[in-house]
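Novice: Sharing a structure with you now.
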Amino acid sequence: CTCSFLDTDRALVLLEEYCKKLKKPEEQQLKKAIRKVMGIFKSSLFEALLGSFTKKATRHGAISHPSLPAAVACDVLGCPKD
């Protein structure tokens, strides 16, 4: 599903923007952890698993729109919902 890839890109943009705001020394550990998550989102394994999960969840009616990575990033970062 193309939507999953676009949502992952959106999540990566949101996470990158948040990382840019982390400048204090005590925030560097959080920044490092967020960068690890970003690396996972960029992996082909994550994309394959997300695509598989999205297809199954949509087929079973568990989700109506496959925007999981972006939704998670927005929940964590407190972004306004679309």
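The values are calculated or read from the model by the stated rules, or taken from the named source; none is laboratory data. In this text the structure is predicted, and so the values were computed from the model without any measurement. Note that we place each Cβ from the backbone using ideal geometry, even for glycine, and neighbour counts take in every protein chain shown. SASA here: full protein model, heavy atoms, side chains in, ligands and nucleic acids out. Shrake-Rupley method; radii C 1.70, N 1.55, O 1.52, S 1.80 Å.
Novice: Using a cut-off of 14 Å between beta-carbons, work out the net charge of the residues near ASP9 (Lys and Arg +1, Asp and Glu -1, ASP9 not included).
Specialist: -2
Novice: While we're looking at this one, here's another question. Multiply the residue gap between GLU16 and MET38 by 0.36 nm, knock off their C-alpha separation, and tell me the result in nm, one decimal place.
Specialist: So the extension gain works out to 7.1 nm.
Novice: Could you look at region 1-52 and say what percent of its accessible area is carbon and sulfur, using a 1.4 Å probe and all protein chains?
Specialist: Carbon and sulfur: 64 percent of the exposed surface of region 1-52.
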